[in-house]
Amino acid sequence: KHLNNNVNMKNISLNIDKALGTVTKEQVYAQAAKAHECNATLQNGNGAGNDFLGWLHLPSSITDAELTDIENTANVLRSKCEVVVAIGIGGSYLGTKAVVEALNNSFDWLHTNRKNPVLVYAGHNIGEDYLYELCEILKGKQFGLINISKSGTTTETALAFRLLKKQCEDQRGTGYKTFIIPDNVGGRFSVLTPVGLLPIAVAGISIRDLVAGAISMEKATDVSVPFAENMAEIYAATRNELYKNGKKVEILANFHPKLHYIAEWWKQLYGESEGKDGKGIFPASVDLTTDLHSMGQWIQDGERTIFETVISVEEPNHKVVVPTDEANL
C-alpha cells in the first residue's frame, strides 16, 4: 500500500520452502555460522570495502532536521514546477524510480488535476533522441532539476545537466540548494540519502514512512537477531547453497507491474556487489505474467542453472471485477 496512507505495515517476510527441492533445510542451516560471521563482519566493518558501509545504519542515523530540510526543498519544487527532472544514473536514479513507480499511480503522468509535479529522469543514457525530446517538451513549462552525482564527472549525468541547466536558466533563472552524499555510502545504496529522498518527496510520497520502514528492516536483519529469525542471513545461506549446487542465475520474478523497477534496482545492487573475482550469481528478472509468454519457455525447459526468487505484495491496492461471458449475452 502507499506508504503515506498511515496503514499498519508488515515487514518483508521470507519463505524458502520452494528451494528445498534442490537443497535441504539441513544444508541451509549448516551455513548458519558462516552467514552469521559474514553479517558480523559487515556490522563490525572489518572486511574488505569497509570504507563504504555507511548504508548499514543509514536509516537509523537520519535526523529529523535532515528530513525536514529535504521536505522543505521538495515543497518548493512542488509549488513552483510542473515537471521535475531527476538527473542521475545507476543508484542515483534506480532506487528513486523503484520507490516512485511502486507507490504511484501507474498512469500518473496522464492525470491533469495534479498535486505533484511530473517526475521524469535524465542522465541515465546518452541517447540524443531522448535528450532532444525531453528538451522540447520542457519548452514553455515550469520545470526544476535535481542533479545527482557523487563524483561530479559522470559522463551521462554531466551531459544532461549542462543541457538542462542552460535551458532552465534561459527559461526561468535558477537558484541552488545543495545536499551532501555521505562519503561512506556507495551510489547503489544511496536511496535513503538526499539522492533518493528528495525526488521521492517531490513525488508526494512520505519519506518519513519510508525511513521508518527501513529502520524496522535494519533492526530485523541486525547481527543480534538469531539466524533462524534473520531473513538476510537465511536468504544468503540459501543462495550460497543453491550456487554450490550449480544454480548460477537468480531470476527475480514479480506479478505486479509496479515492481518492475524494484527488480531493475535489485539487479544493480546484486550485480555490482557480488560480481567479483570470477564469481557471483548472475541477477536477472522477469515481469509475470507477461514474460511467461516470452521467457517462460526458457525458464521452464531451459538449462537447469537457474533459480527464481518471487517478490509479491500481500494484496493489491484495487480489485478489478471482470464480467463473465454469460453476463455479456
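Among the residues of the range 237-261, which ones are of a type in the set (A, V, I, L, M) and buried (at least 18 other Cβ atoms within 10 Å of the Cβ)?
Answer for the range 237-261, where residues must be of a type in the set (A, V, I, L, M) and buried (at least 18 other Cβ atoms within 10 Å of the Cβ): A237, L242, I251, L252, A253, L259.
So, in the range 287-307, of the ones that are among the charged types (D, E, K, R) and surrounded by fewer than 17 Cβ atoms within 10 Å (Cβ to Cβ), which residue ends up farthest from G186 (Cα to Cα)?
D301
Which of the numbered conditions does K80 fail, given that it passes all the others? Conditions: (1) closer than 30 Å to V223 by Cβ; (2) of a type in the set (D, E, K, R); (3) touching a residue at least 24 places away in the same chain (Cβ under 8 Å).
Going through (1) closer than 30 Å to V223 by Cβ; (2) of a type in the set (D, E, K, R); (3) touching a residue at least 24 places away in the same chain (Cβ under 8 Å) one by one, K80 breaks only (1).
Name the residue that is farthest from I70 (Cα to Cα), counting only residues in the range 188-241 that are among the basic types (K, R) and modelled with pLDDT of 95 or more.
It comes out as R239.
Kindly establish whether K279 is of a type in the set (K, R) and farther than 21 Å from V99 by Cα.
Criteria met by K279.
Only one of A237, A263, A284 is closer than 23 Å to G186 by Cα and either among the β-branched types (V, I, T) or assigned to a helix (DSSP H, G or I) (or both); which?
A263 is the lone residue from the list that is closer than 23 Å to G186 by Cα and either among the β-branched types (V, I, T) or assigned to a helix (DSSP H, G or I) (or both).
Give the residues of the range 105-116 that are farther than 16 Å from A74 by Cα and either of a type in the set (S, T, Y) or open to solvent by 70 Å² or more (accessible area, probe 1.4 Å) (or both), sorted by residue number.
N105, S106, F107, W109, L110, H111, T112, N113
Can you tell me how many residues in the range 138-180 are part of a loop (DSSP other than H, G, I, E, B), β-branched (V, I, T) and surrounded by 19 or more Cβ atoms within 10 Å (Cβ to Cβ)?
Looking only at that region, the number is 2.
Mind listing just one residue for me: the one in the range 122-137 that is within 17 Å of C81 (Cα to Cα) and of a type in the set (A, V, I, L, M) and, of those, least open to solvent (accessible area, probe 1.4 Å)?
In this case the residue turns out to be A122.
Among what's in the range 183-225 and is under 25 Å from I281 (Cβ atoms), not in a helix (DSSP H, G or I) and not small (G, A, S), pick the residue that is least open to solvent (accessible area, probe 1.4 Å).
Result: V185.
The values are calculated or read from the model by the stated rules, or taken from the named source; none is laboratory data. Remember, it's a predicted structure, so these values are computed and weren't measured experimentally. Positions of Cβ are backbone-derived with ideal geometry, glycine not excepted, and every protein chain shown enters the neighbour counts. Surface accessibility is based on the protein's heavy atoms, side chains included, excluding ligands, DNA and RNA. Shrake-Rupley method; radii C 1.70, N 1.55, O 1.52, S 1.80 Å.
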